[in-house]
Structures are given as C-alpha cells and as structure tokens.
Amino acid sequence: MRYATGVTILKIAHIGNPVLRQRSRELSREELALPATQAFIDDLVETMRAANGAGIAAPQVEHPIRVCVVHVQKNARYPYMPDIPLTIMVNPVLTPLTSETFQNYEGCLSVPNLRGLVDRFTRVELAYWDRHGAETKTTLRGLSAGVFQHECDHLDGKLFVDRVHDTTSLTTWADFEQFHKAAFVEQMTALVAREGG
Ligand code: ZN
C-alpha cells in the first residue's frame, strides 16, 4: 500500500520463508546513505507501526540487510511493556552485560498467532550505527533488553521459537490472554520495577 507521503507498507515474511533463516549482510555507510536505503528504513518503520509490532527487522520484509527498528509506545500487542523511543539500528552488535536471564513470553510478526517463553539476558549493551551512520552505544535492561535481543536474532536467521525450551509454554494469542497473561504481567511488572526497563 503506497500512501501520498511515499511510504509503503511492506509484506511481512512468515516462518517457513528461507529469508528468515539466513544471516543478513552488513551495510556500508555508502549504501546506508543512498536515498533508496533511507526510503526503505521509513517503510520498515511504517510497516512495524501498521502491524502494531514492538520491533521489526529487515529480513522480515524479505530484505536481508542488518537493519532493525524498535518502538514501543502504549503497544496494543504488548500493553505491559515500558515505552521505548523509536530506535533505528544499522549493523547492531549486542553484548550481554550479565549472565542473569528472565523468561519472556514472546511473539513475532513472522510467526502468526503463537507465543512462547524464551530466556533473555536482563542487561545488554548495544552498539550500532544510527540511520545516518553515526556510531551509537546504549545499555538496555529488563523487558526492553528482551525486545532488542529478539530483533537482533532476526539478523542472524534466528526466530524466537528456536529459543523456546519448554514447548508446553507455546500458546495462541487468545489462549495467552486467557491462561497466561495475568501471571506473566505480574512477573514483568516486578522485573520492570527492579531493572527500570
Ligand atoms: Zn520477530
């Protein structure tokens, strides 16, 4: 769908599409500066917003380059999640700052109607270029750290289902609401209070 502003909502690849299973390639600063790449980043952000995603990675729209975006603002899919400002990451490198993990009930725009429990580090450092190629470094905690780990996984061809150890945690979204949400939100509220994110 192309809007008058020139932004396009891109088609999201679903699990089974090989593009989700390959390692995406790094971008050079020259390629990043191209108008086509900048327009693609705008499209990626709008595609995430249109799908109510907390984040999206370029391979999810069949573009296997190392670009991903995160934005959480009163998210309808994840109402318990703290807000995260729009973050556009190019060639991100993620480093855990602790061996401590928490269990996150994740979902994914590329895995329709499924959620499952995944271990994520509670604190990570993320080094990346912003959309203009400027080097940036940030520390993320708690649930917010989980979102960035999920998006960076996409760039290496990994989906959250690969990290689900306890397959009895797998649930549809409706059944998550009915059977798992209350306990999970309680745990996440405690995590966010403790970690500040
Ligand atoms: Zn995903």
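Things to note:
- So L114, is it within 25 Å of L44 (Cα to Cα), within 16 Å of the ligand (Cβ to nearest atom), modelled with pLDDT of 95 or more and part of a strand (DSSP E or B): yes
- One residue from G142, G146 being in contact (Cβ under 8 Å) with a residue 12 or more places away in the chain, in contact with a Gly (Cβ under 7 Å, 6 or more places away or on another chain) and within 27 Å of E186 (Cβ to Cβ): G142
- Checking Q38 against (1) modelled with pLDDT under 95; (2) under 17 Å from L86 (Cα atoms), the condition it does not meet: (1)
- Complete set of residues in region 155-177 that are among the aliphatic types (A, V, I, L, M) and assigned to a loop (DSSP other than H, G, I, E, B): L159, V164, L170
- Any hit, region 131-138, residues being at pLDDT 95 or above, surrounded by 13 or more Cβ atoms within 10 Å (Cβ to Cβ) and among the acidic types (D, E): no
- Test: residue in region 151-170 that is among the hydroxyl-bearing types (S, T, Y) and surrounded by 19 or more Cβ atoms within 10 Å (Cβ to Cβ): no
- If you go through region 158-186 and pick out every residue that is under 13 Å from the mean Cα position of the chain (by Cα) and in contact (Cβ under 8 Å) with a residue 40 or more places away in the chain, you end up with 2.
- Selection count, region 125-158, where residues are within 16 Å of the ligand (Cβ to nearest atom), in contact with a Lys or Arg (Cβ under 8 Å, 6 or more places away or on another chain) and among the aliphatic types (A, V, I, L, M): 2
The values are calculated or read from the model by the stated rules, or taken from the named source; none is laboratory data. Small disclaimer: the values here were computed from a predicted structure and weren't measured. For neighbour counting, all protein chains shown are included, and Cβ atoms are generated from backbone atoms with ideal geometry for every residue, glycine included.
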